Amino acid sequence: MPYTAIVGLQWGDEGKGKVIDYLAEDYDVVVRFQGGANAGHSVYVGDKFFAFHLIPSGMLREDVVGVIGPGVVIDPDAFLKELRELEKMVGSLRGRLFVDPRTHVVMPYHKQEDALFETASDKPIGTTRRGIGPTNRDRYGRLGIRIGDTLRPVYLKEYMRRPYDFNRKIVEAYGGSMPSFEELYGFLLEFGERIAPYVVDTVILLEDMERKGARILLEGAQGTYLDINFGTYPYVTSSHPISGGATIGAGISPWKIDRVVGVFKAYTTRVGEGPFPTEDNGEVGKRLRDIGGEYGATTGRPRRCGWLDIPLVVYASMINGVTDLFITKMDVLDELGIYRAAVEYEIRGKRAGYPPAYSADWYDLKPVYEDFPSGESLIEEVEQRTGVPVRFVSVGKERKAVIERKTGGKYGKA
Ligand code: IMP
């Protein structure tokens with residue numbers, strides 16, 4: 001089967017950008033299926049660096065085709081800026097980047113609402129303020145505006161009234177000032193003209209490419225514990241970063257995905273609010289942040305840091321049906337020189353090998369830690385507890401800094 005999904009097994013920032021760029025060598029197409037410009041996928045190749053937000057990572061490879069599926073939400077300004085910057089590095093993306101007309105637009109008022117609500121709340125989520133929640137709320141509330149609408153001016157003007165009236169009430173209730181209808185209409189028409197050359201029905205595009213023998217990577221953004229259903233609700237994002245999200249977000253049959261690469265970091269990080277059992281607020285957390293350069297690729301916020309949490313990885317492997325594990329930033333743990341991980345939790349007096357399904361219990365659990373003599377033994381523990389092989393170990397930022405374990409070496413089983 002032609003499809004491989006790449007998903008994050010923690011709270012995002014697992015290093016998926018690098019993993020996708022690395023694996024893209026064996027693939028022809030990379031598809032984004034959820035999230036939006038809240039994502040930040042960093043790729044380093046030689047002296048080139050690029051932080052992808054909306055455009056599929058992997059497009060630094062000049063023969064890779066990129067697809068943005070309907071499950072994504074596109075912020076026009078962020079998209080056009082990223083397109084300009086990437087085209088400066090790799091040349092025109094016309095004929096190489098495709099966007100589905102059903103993809104939703106992040107409207108300026110969605111970003112306003114995200115920021116207004118976060119600021120007004122006494123318990124903010126700690127969102128990236130990129131308008132992700134309000135845009136997806138409008139998707140499900142049947143008040144969204146889609147890329148295809150921006151290419152049909154007469155339809156758009158009529159259609160926009162309901163979303164406009166609804167959102168004006170929200171913005172004004174929170175003390176914001178709503179842009180005029182005409183201003184937003186003009187903004188969308190201009191965006192429509194700019195994006196038009198990239199818009200195609202991506203279901204047909206993928207089907208055609210598949211028939212010609214293309215191999216296709218599905219690029220998950222964020223991570224399993226930010227999933228709207230399976231994450232640490234309500235401290236989650238408004239989409240499905242899990243492998244199942246790829247089927248609904250890109251219009252792909254579940255039986256076509258036969259490989260799921262689960263990416264996790266050798267320790268754990270989280271940006272924004274919400275539970276984080278293995279967080280270390282002391283010296284270790286600070287050292288991990290310094291050595292690992294743990295600052296948000298999108299917002300620049302310092303990430304919260306702590307030990308690897310194996311129950312998280314085990315449960316996420318189940319939800320995603322992970323077939324191959326890819327551990328990243330092993331070099332950071334090597335530099336720290338301590339190989340510690342939570343192997344289980346104690347939840348209300350009982351031992352558990354999985355994270356809780358009840359929100360309240362996340363605040364009521366204690367990680368049970370174990371120290372390992374080496375990185376290799378920590379990796380073996382993860383394999384044993386997940387039942388899934390760790391096939392790749394990333395030991396640096398560069399594309400080449402990956403050890404495939406079957407080939408032997410420090411992290412290899414010859
Ligand atoms: P939103 O996606 O901006 O609504 O933010 C919801 C939560 O998801 C916040 O805790 C964010 O910090 C987190 N989040 C969103 N996108 C990413 C990401 O790409 N990496 C890590 N955390 C993210």
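The values are calculated or read from the model by the stated rules, or taken from the named source; none is laboratory data. Nothing here was measured: the structure is a model prediction, and the numbers come from that model. Virtual Cβ from ideal backbone geometry, glycine too; neighbours counted across all protein chains shown. Just the protein is used for accessible areas: all its heavy atoms, side chains included, with ligands, DNA and RNA removed. Shrake-Rupley method; radii C 1.70, N 1.55, O 1.52, S 1.80 Å.
No other residue among V284, V263, V271 is under 15 Å from the mean Cα position of the chain (by Cα) and open to solvent by 10 Å² or more (accessible area, probe 1.4 Å) apart from V271.
Looking only at the range 135-148, residues that are open to solvent by 20 Å² or more (accessible area, probe 1.4 Å) and within 12 Å of the ligand (Cβ to nearest atom) come to 1 in all. For the range 324-374, the set of residues classified as open to solvent by less than 50 Å² (accessible area, probe 1.4 Å) and either of a type in the set (S, T, N, Q) or in contact with a His (Cβ under 7 Å, 6 or more places away or on another chain) (or both) consists of T328, S374, listed by residue number. Would you call E210 more than 16 Å from the ligand (Cβ to nearest atom), outside the structural domain of F392 (by TED's automatic domain parsing) and at pLDDT 95 or above? So E210 fails the test.
Where strands (runs of 3 or more DSSP E) sit wholly within the range 278-386, those with at least 1 residues that are touching a residue at least 12 places away in the same chain (Cβ under 8 Å) and more than 16 Å from the ligand (Cβ to nearest atom) occupy 324-328, 339-347, 350-352, 365-372. Of everything in the range 106-116, what is crowded, with 24+ Cβ neighbours inside 10 Å, out of contact with any strand residue (DSSP E or B) (no Cβ under 6 Å at 6 or more places or on another chain) and of a type in the set (A, V, I, L, M)? Give them in sequence order. Residue satisfying the conditions is M107 alone. Among the residues that make up the range 123-134, is at least one of them in a loop (DSSP other than H, G, I, E, B), more than 16 Å from the ligand (Cβ to nearest atom) and of a type in the set (S, T, Y)? Checked the range 123-134: no residue is in a loop (DSSP other than H, G, I, E, B), more than 16 Å from the ligand (Cβ to nearest atom) and of a type in the set (S, T, Y). Checked against (1) open to solvent by 10 Å² or more (accessible area, probe 1.4 Å); (2) within 16 Å of the ligand (Cβ to nearest atom); (3) more than 19 Å from M330 (Cβ to Cβ), V45 passes all but condition (2). For the range 92-116, which residues satisfy the criterion of being more than 21 Å from S180 (Cα to Cα) and in contact (Cβ under 8 Å) with a residue 12 or more places away in the chain? Scanning the range 92-116 gives L93, R94, R96, L97, F98, V99, D100, P101, R102, T103.
Would you check if T119 is within 26 Å of G300 (Cα to Cα), open to solvent by 10 Å² or more (accessible area, probe 1.4 Å), modelled with pLDDT of 95 or more and among the β-branched types (V, I, T)? Criteria met by T119.
Do you know which residues across the range 54-64 are within 19 Å of the chain's Cα centre (by Cα) and open to solvent by 10 Å² or more (accessible area, probe 1.4 Å)? Across the range 54-64, the qualifying residue is only L60.
Against the definition (crowded, with 17+ Cβ neighbours inside 10 Å and either assigned by TED's automatic domain parsing to the domain that holds R303 or among the hydroxyl-bearing types (S, T, Y) (or both)), how does Y174 come out, yes or no? Criteria not met by Y174. As a summary of the residue check, G412 satisfies the conditions (1) in a strand (DSSP E or B); (2) open to solvent by less than 50 Å² (accessible area, probe 1.4 Å) except for the one numbered (1). One residue stands out in the range 254-277 among those that are within 16 Å of the ligand (Cβ to nearest atom) and of a type in the set (A, V, I, L, M): the one that is nearest to K366 (Cα to Cα), namely V271. In the set A24, A51, only one residue is over 15 Å from G223 (Cα atoms), surrounded by 24 or more Cβ atoms within 10 Å (Cβ to Cβ) and of a type in the set (A, V, I, L, M); that residue is A24. Within the range 215-238, the residues that satisfy the criterion of being more than 17 Å from G69 (Cα to Cα), assigned to a loop (DSSP other than H, G, I, E, B) and not polar (S, T, N, Q) are G223, D227, I228, F230, G231, Y233, P234, Y235, V236.
Across the range 217-235, not a single residue is classified as away from the ligand (no atom under 16 Å from the Cβ) and touching an Asp or Glu at 6+ places or on another chain (Cβ under 8 Å). From the list E344, E376, the one residue that fits, being more than 24 Å from V402 (Cβ to Cβ), among the charged types (D, E, K, R) and touching a Lys or Arg at 6+ places or on another chain (Cβ under 8 Å), is E344.
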